[in-house]
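**Q** Below you'll find the structure I mean.
The values are calculated or read from the model by the stated rules, or taken from the named source; none is laboratory data. Just so we're clear, the structure is a prediction, and the values are computed from it rather than from any experiment. Using ideal geometry, Cβ is built from the backbone for each residue, glycine included, and neighbour counts are taken over all protein chains shown.
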Amino acid sequence: QKTSQKTYHTRSTTHKTAAGRKLLQIMSEKRTNLCLSIDLTNPSEIIPLVTLLGPKICLLKTHIDIISFPPSEPNPIGTFTAKLQELARQHNFMIFEDRKFADIGNTVQEQYRGGVYKIASWAHITNAHAVPGPGIIRGLQAVAERVVGEPRGLLLLAEMSSKGNLGGGEYLKQTLAMAREEGVEGFVVGFIAMSEVGGEVEGEDFIVMTPGVGLEVGGDGLGQQYRTPEEVVGRDGCDVVIVGRGIVKDEDPLAVAEVYRERAWRAYEGRVGK
Ligand code: 6AU
């Protein structure tokens with residue numbers, strides 16, 4: 001049986017990472033495989049929208065470095081991320097900082113742990129490019145293992161949604177091989193990819209999260225390419241749909257988030273034969 005034919009509930013008991021098990025459990029309980037990409041720059045717009053949409057999502061994706069924080073407050077970033085954590089607990093979703101680390105292990109360690117954003121302290125999941133080789137995974141993992149409390153997980157970018165991206169094909173195969181390397185088992189939750197990855201090995205389970213999802217096929221004029229929830233989840237075996245502008249730029253974000261949730265969830269149910 002392919003991983004994509006198993007239920008999220010089953011996978012929540014067998015996934016090799018604690019962060020993955022927790023996410024799959026949330027997806028199964030809340031009946032949602034929707035990740036909201038909250039790509040807004042004003043923190044006072046973000047918090048109310050996350051409060052509104054929290055019940056619809058399994059995961060909140062942030063780009064912390066696009067936000068303009070008010071210089072007047074003493075610790076605006078800490079206050080903001082603490083609020084996100086509180087909302088995550090309240091509405092039972094996880095937080096994914098879309099940092100796309102891409103440097104040598106030693107540098108990404110410092111970028112993940114410290115600096116102004118202290119990503120490891122508040123984001124349950126982050127992502128990294130495979131370009132630097134396996135040291136990037138090991139560097140991030142060393143930081144993650146020192147975080148006390150909730151588990152931390154990593155997604156590797158195996159391919160991208162944008163036109164002309166260099167991922168996929170042989171690059172994806174090499175990225176998968178890195179995720180399979182010894183020592184990183186408890187940390188690599190899955191991939192950013194456009195279809196199911198891995199699973200040929202018995203018991204292997206990588207959660208695939210997919211951006212470039214719209215209610216219709218299309219693009220944005222800067223290379224982004226949109227496919228529908230049915231194509232992404234139903235046909236191509238991805239697990240989580242990542243939606244940004246399709247929700248945040250809509251005049252009724254709550255109503256449209258429910259359309260995305262419901263279409264992606266139905267596509268999943270169809271896939272597992274429910
Ligand atoms: O729905 P959109 O097009 O408004 O936003 C898609 C979001 C953006 C991108 O930075 C991100 O998904 N993204 C990623 C991620 C999640 O890593 C990879 C990729 O290949 N394409 C992509 O759009 O926040």
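**Q** In the list 159, 97, which residue meets the criterion of being part of a strand (DSSP E or B), surrounded by 14 or more Cβ atoms within 10 Å (Cβ to Cβ) and not basic (Lys, Arg)?
**A** Result of the check over 159, 97: 97.
**Q** Right, next: All but one of (1) away from the ligand (no atom under 16 Å from the Cβ); (2) touching a Ser or Thr at 6+ places or on another chain (Cβ under 7 Å); (3) not in a helix (DSSP H, G or I) hold for residue 241, so report the exception by its number.
**A** (1)
**Q** Say whether the condition of being modelled with pLDDT of 95 or more and within 14 Å of the ligand (Cβ to nearest atom) is met by at least one residue in segment 75-90.
**A** No, every residue in segment 75-90 fails to be modelled with pLDDT of 95 or more and within 14 Å of the ligand (Cβ to nearest atom).
**Q** Could you figure out which of (1) in a helix (DSSP H, G or I); (2) of a type in the set (D, E, K, R); (3) touching a Gly at 6+ places or on another chain (Cβ under 9 Å) isn't true of residue 61?
**A** Status for residue 61: all satisfied but (1).
**Q** I've got another one for you. So how many residues does segment 249-270 have that are more than 28 Å from residue 6 (Cα to Cα), touching a residue at least 24 places away in the same chain (Cβ under 8 Å) and away from the ligand (no atom under 13 Å from the Cβ)?
**A** Final tally of qualifying residues: 1.
**Q** Would you call residue 121 out of contact with any Phe, Trp or Tyr (no Cβ under 6 Å at 6 or more places or on another chain), assigned to a helix (DSSP H, G or I) and among the small types (Gly, Ala, Ser)?
**A** So residue 121 fits the description; yes.
**Q** Those residues that are crowded, with 17+ Cβ neighbours inside 10 Å, more than 12 Å from the chain's Cα centre (by Cα) and closer than 11 Å to residue 257 by Cα, I need them from segment 55-66; list them, please.
**A** Selection gives 56 alone.
**Q** What number of residues within segment 229-245 satisfy the criterion of being buried (at least 20 other Cβ atoms within 10 Å of the Cβ) and more than 16 Å from the chain's Cα centre (by Cα)?
**A** 0
**Q** Further question: Of the residues in segment 226-248, how many are among the acidic types (Asp, Glu) and either touching a residue at least 60 places away in the same chain (Cβ under 8 Å) or under 19 Å from residue 40 (Cβ atoms) (or both)?
**A** Result for segment 226-248: 1.
**Q** Quick check on segment 205-226. Is at least one of its residues outside any strand (DSSP E or B), within 16 Å of residue 36 (Cα to Cα) and of a type in the set (S, T, N, Q)?
**A** no
**Q** Among 201, 143, 213, which is the only one that is among the hydrophobic types (A, V, I, L, M, F, W, C), out of contact with any Lys or Arg (no Cβ under 6 Å at 6 or more places or on another chain) and away from the ligand (no atom under 11 Å from the Cβ)?
**A** Testing whether each residue is among the hydrophobic types (A, V, I, L, M, F, W, C), out of contact with any Lys or Arg (no Cβ under 6 Å at 6 or more places or on another chain) and away from the ligand (no atom under 11 Å from the Cβ) leaves just 201.
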